[in-house]
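Colleague: Below: one structure in structure tokens.
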Amino acid sequence: MSVWRVLSGAALRLTLLFGVTIGLIRARPYDDGGLGTFLTPSLNCPAPCWNGVRPEFTTYEEALLLLGSSEAIRDLGSDMRQDNGHIFWKWTTSHSPFLMNTTDVGYASVEKNVVSGLYLPGLRSFPDTWFALGAPQQVIIYSNAFWGINNVIYLSVYPDELYIASAIFCGATPRDLWTAKPSVFIGQMPEYSELYAFVYAPDDFKGWLPSPLC
């Protein structure tokens with residue numbers, strides 16, 4: 001038996017073993033720590049909605065009561081000027097399985113005494129949201145958002161006005177994206193500079209990032 005045949009047989013066995021291993025990993029249900037339930041509206045609250053709060057429908061007073069009853073929220077407060085402002089809070093430690101930092105401040109924007117949008121910061125990692133929610137409808141890359149041209153916002157756009165924003169940088173690899181800490185916007189698309197905004201369908205690029213990113 002030739003050396004080539006031996007090596008070929010070994011390589012084939014390794015390939016088959018790798019394929020079976022990947023298949024078993026994919027077959028296992030993904031434990032998102034409750035993130036999918038946390039982000040998904042209940043049946044009696046049409047999307048966009050979170051914790052009973054519906055942007056463009058829920059009043060400031062109603063939102064205070066709903067958010068105050070949530071076990072996920074502590075240190076609830078508000079900063080209002082007449083009928084405009086914010087309701088703000090921090091996360092309780094009981095939701096740390098999918099929250100990286102419970103000191104981050106979430107808020108509900110209020111305009112004319114009605115909630116206009118929700119901001120949920122501090123999720124653990126990008127793949128948690130991807131596996132919990134599935135692939136987005138589109139991805140928008142903002143290459144000059146916030147701080148300068150070397151910084152990038154990777155915005156995943158989902159149905160029913162749900163947006164996941166992850167801050168990375170121009171030279172980012174897929175690993176950098178997967179370890180980025182995402183934030184969730186509900187009911188109101190986050191405002192970034194659109195000077196260098198590029199819109200993609202998930203199938204427009206191979207892997208997780210377009211090339212070049214910036």
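Any read-out appearing in this document is the output of simple, stated calculations on the displayed coordinates, not a laboratory observation. Worth saying up front: this structure is predicted, and the values here are computed from it rather than measured. Because the Cβ atoms are built from the backbone with ideal geometry, glycine has one as well, and the counts that use them run over all protein chains shown.
Colleague: Tell me yes or no: at least one residue of the stretch 126-136 is in contact with a Phe, Trp or Tyr (Cβ under 6 Å, 6 or more places away or on another chain) and over 28 Å from residue 198 (Cβ atoms).
Modeller: No, every residue in the stretch 126-136 fails to be in contact with a Phe, Trp or Tyr (Cβ under 6 Å, 6 or more places away or on another chain) and over 28 Å from residue 198 (Cβ atoms).
Colleague: Taking residue 207, is it loosely packed, with under 14 Cβ neighbours inside 10 Å and of a type in the set (Gly, Ala, Ser)?
Modeller: It is true that residue 207 is loosely packed, with under 14 Cβ neighbours inside 10 Å and of a type in the set (Gly, Ala, Ser).
Colleague: Scan (1) in a strand (DSSP E or B); (2) touching a helix residue (DSSP H, G or I) at 6+ places or on another chain (Cβ under 6 Å) for the single condition residue 132 breaks and write down its number.
Modeller: Among (1) in a strand (DSSP E or B); (2) touching a helix residue (DSSP H, G or I) at 6+ places or on another chain (Cβ under 6 Å), the lone unmet condition for residue 132 is (1).
Colleague: Looking only at the stretch 39-88, filter to residues that are touching an Asp or Glu at 6+ places or on another chain (Cβ under 6 Å) and closer than 21 Å to residue 122 by Cβ; which one of those is surrounded by the most Cβ atoms within 10 Å (Cβ to Cβ)?
Modeller: Kept after step one, since they are touching an Asp or Glu at 6+ places or on another chain (Cβ under 6 Å), are these residues of the stretch 39-88: 47-48, 84-86.
Cutting the leftovers down to closer than 21 Å to residue 122 by Cβ gives us 48, 86.
Values: 48: 23, 86: 17.
Top of the filtered list is 48.
Colleague: Name every residue in the stretch 65-94 that is farther than 16 Å from residue 119 by Cβ and either among the hydroxyl-bearing types (Ser, Thr, Tyr) or assigned to a helix (DSSP H, G or I) (or both), in order of residue number.
Modeller: 65, 68, 69, 92, 93, 94
Colleague: I've got another one for you. Restricting attention to the stretch 180-204, which residues are surrounded by fewer than 16 Cβ atoms within 10 Å (Cβ to Cβ) and touching a Ser or Thr at 6+ places or on another chain (Cβ under 6 Å)?
Modeller: 196 - this is the single residue of the stretch 180-204 that is surrounded by fewer than 16 Cβ atoms within 10 Å (Cβ to Cβ) and touching a Ser or Thr at 6+ places or on another chain (Cβ under 6 Å).
Colleague: Could you give every pair whose Cβ atoms fall below 6 Å, whose first residue belongs to the stretch 41-53 and is closer than 13 Å to residue 188 by Cα, and whose second residue is surrounded by fewer than 17 Cβ atoms within 10 Å (Cβ to Cβ), counting only separations of at least 6 or pairs across chains?
Modeller: Filtered contacts from the stretch 41-53: 47/160; 48/160.
Colleague: Okay, next question. Just to be sure I understand the filter: pairs with C-beta atoms under 6 Å, separated by 6 or more residues or on different chains, first member in the stretch 169-186 and closer than 17 Å to residue 118 by Cα, second member small (Gly, Ala, Ser) and not in a helix (DSSP H, G or I). Which pairs pass?
Modeller: Short answer, once both residue conditions are applied: 182/166; 183/165.
Colleague: Among 61, 56, which is the only one that is more than 22 Å from the chain's Cα centre (by Cα) and either in contact (Cβ under 8 Å) with a residue 24 or more places away in the chain or in a helix (DSSP H, G or I) (or both)? Steps first, answer last, please.
Modeller: Working: 56 fails: more than 22 Å from the chain's Cα centre (by Cα).
Just a single option satisfies the conditions, and that option is 61.
Colleague: Just to check your reading of the model, which residue among 125, 109 is surrounded by fewer than 21 Cβ atoms within 10 Å (Cβ to Cβ) and touching a His at 6+ places or on another chain (Cβ under 8 Å)? Talk me through it step by step, then tell me what you get.
Modeller: On the way: 125 fails: touching a His at 6+ places or on another chain (Cβ under 8 Å).
When all the criteria are applied, what remains is 109.
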